[in-house]
1. Limited to segment 335-351, what total is found for residues that are open to solvent by less than 10 Å² (accessible area, probe 1.4 Å) and among the hydroxyl-bearing types (Ser, Thr, Tyr)?
2. Scan Leu339, Leu288 and give me the residue that is under 16 Å from the mean Cα position of the chain (by Cα), more than 21 Å from Ala149 (Cβ to Cβ) and assigned to a helix (DSSP H, G or I).
3. Given (1) in contact with a helix residue (DSSP H, G or I) (Cβ under 8 Å, 6 or more places away or on another chain); (2) in contact (Cβ under 8 Å) with a residue 24 or more places away in the chain, where does Arg169 come up short, assuming only one miss?
4. Run down Thr349, Thr293 and say which single residue is more than 17 Å from the chain's Cα centre (by Cα), over 24 Å from Leu140 (Cβ atoms), of a type in the set (Ser, Thr, Tyr) and in a helix (DSSP H, G or I).
5. Would you confirm, using the coordinates I've provided, whether Ile183 is assigned to a loop (DSSP other than H, G, I, E, B) and touching a residue at least 40 places away in the same chain (Cβ under 8 Å)?
6. For segment 267-280, which positions are of a type in the set (A, V, I, L, M, F, W, C) and either surrounded by fewer than 16 Cβ atoms within 10 Å (Cβ to Cβ) or not in a helix (DSSP H, G or I) (or both)?
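The values are calculated or read from the model by the stated rules, or taken from the named source; none is laboratory data. Keep in mind that this is a model prediction, so the values were computed, not measured. Cβ placement follows ideal geometry from the backbone for every residue including glycine, while neighbour counts extend to all protein chains displayed. These accessible areas exclude ligands, DNA and RNA; they are computed on the full protein's heavy atoms, side chains included. Shrake-Rupley method; radii C 1.70, N 1.55, O 1.52, S 1.80 Å.
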Amino acid sequence: MKKGKDYRKTKRACYLGFVTQAIVANFTPLLFMAFHHEYKIPIASLALIPAVFYIIQLITDLLCAKFKNINYRKSIIISGITSATGLMGLAFLPELFPNPLVGILLCVCVYAIGSGLIEVLCSPIIEACPFPNKEGMMSLLHSFYCWGAVGVIVGSTLFFSLFGLDHWRFLACLWALIPLYNIINFATCPIEPIVPDAESMSMGQLLRNGMFWIFLLLMVAAGASEATMAQWTSAFAEASLGVEKAIGDLAGPCGFAFCMGLGRLWYSKKGQNLDLSAYMTWAGLLSLVAYLTASLASVPLLSLAGCMVSGLAVGIMWPGSISLTSARIPNGGTALFALLALAGDAGGTFGPSLVGLCTHFTGDDIHGGILAATFFPALLVVCLLILRRKSARL
């Protein structure tokens with residue numbers, strides 16, 4: 001630790017940053033039925049909400065990659081301001097427009113900017129801190145997205161059960177208190193540059209690096225493997241087990257996020273003496289088996305168990321891909337982390353879309369869609385084997 005600097009405060013700020021990202025990504029989808037009944041928005045139109053969220057987040061990732069010299073402190077403070085503003089705006093902005101969906105989408109755009117900045121900046125902020133066991137620290141950092149997702153799903157479900165869905169505006173403002181509080185943390189904690197500006201690589205330099213394309217593909221596979229199951233487990237639980245939505249949310253995305261968080265927490269504590277690429281390869285194989293079990297098992301509970309096991313397996317994929325890339329390309333700078341976030345988000349957009357498309361072509365059988373998604377953990381394993389072979393030659 002550098003003398004006189006409390007990097008534990010930096011760590012706490014980044015943890016709450018990922019909790020904030022989990023809130024903005026998972027809270028609004030829980031309100032779909034409230035929007036449908038209160039504002040008379042068609043269910044099909046509500047699909048624009050996650051689509052706009054990920055598009056704006058992708059654009060934010062791309063802009064961060066393009067602009068080399070980003071002020072980390074100012075940008076991460078902006079992430080807290082936009083996240084809180086977007087959440088609080090949901091409470092009143094929709095009613096100011098003739099079409100309430102326009103107001104909702106404006107709020108989504110604002111907090112998606114915050115989410116994108118958190119995703120790009122928190123990882124390099126932690127990477128630049130003088131902590132031992134950087135790989136474990138990165139895994140622990142990303143586990144807080146999982147705990148945040150569990151917290152917002154369970155907390156919101158409990159709130160709605162006690163006070164009713166009609167009071168969702170109050171809950172939106174309550175969740176906004178977390179990013180508002182975290183602005184103070186980021187304004188006062190020590191933040192070091194990941195690479196001096198003069199030494200960091202530009203986006204063009206990175207894209208001309210042949211090895212970097214393999215890392216980008218690895219990140220696409222990691223993002224798709226994670227997001228596909230995360231976004232489809234609720235519908236999968238409802239369809240396979242025949243349960244209502246509240247139970248499906250708890251057994252599906254909440255259970256998946258909890259298992260993924262456990263996987264990341266375990267690696268942060270026990271992974272210091274493990275070969276990360278080998279560990280990720282075995283995790284990819286386990287994820288492949290879990291996807292196959294979920295899609296092909298004839299016993300519904302066994303299928304659900306496959307979903308949960310996939311959560312344990314994919315936990316290391318996103319933070320592990322970041323750690324592997326930053327170790328191989330140490331002077332990548334902000335552009336590296338932004339492009340990795342962009343690739344992960346691209347995978348997180350394409351993977352669930354592929355499941356939806358294949359589910360449609362298999363007669364609305366979600367099992368067929370999940371089976372098609374086994375491509376992504378298989379791709380991750382192939383990328384890791386290529387990287388291990390190339391490393392052995394060096």
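1. Residues that pass the stated criteria total 0.
2. Details: Leu288 fails: under 16 Å from the mean Cα position of the chain (by Cα).
After ruling out the rest, the residue left standing is Leu339.
3. Failing condition for Arg169: (1).
4. Details: Thr349 fails: more than 17 Å from the chain's Cα centre (by Cα).
Answer to the check: Thr293.
5. On the way: assigned to a loop (DSSP other than H, G, I, E, B): no; touching a residue at least 40 places away in the same chain (Cβ under 8 Å): yes.
Against the criterion (assigned to a loop (DSSP other than H, G, I, E, B) and touching a residue at least 40 places away in the same chain (Cβ under 8 Å)), Ile183 does not qualify.
6. As a first pass, look at segment 267-280 and keep what is of a type in the set (A, V, I, L, M, F, W, C): 274, 276, 278, 280.
Leu274, Ala278 - these are the residues of segment 267-280 that are of a type in the set (A, V, I, L, M, F, W, C) and either surrounded by fewer than 16 Cβ atoms within 10 Å (Cβ to Cβ) or not in a helix (DSSP H, G or I) (or both).
A quick yes/no check of all residues on (1) acidic (Asp, Glu); (2) buried (at least 21 other Cβ atoms within 10 Å of the Cβ); (3) modelled with pLDDT under 80:
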site	(1), (2), (3)
Pro190	no, no, no
Ala198	no, no, yes
Ala235	no, no, yes
Val243	no, no, yes
Phe256	no, yes, no
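Yes/no per residue for (1) touching a Lys or Arg at 6+ places or on another chain (Cβ under 9 Å); (2) farther than 27 Å from Asn209 by Cα; (3) of a type in the set (Val, Ile, Thr):
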| position | (1), (2), (3) |
| --- | --- |
| Cys259 | no, yes, no |
| Asn273 | no, yes, no |
| Val289 | no, yes, yes |
| Leu301 | no, yes, no |
| Leu324 | no, no, no |
| Ala346 | no, no, no |
| Thr349 | no, no, yes |
| Gly363 | no, yes, no |
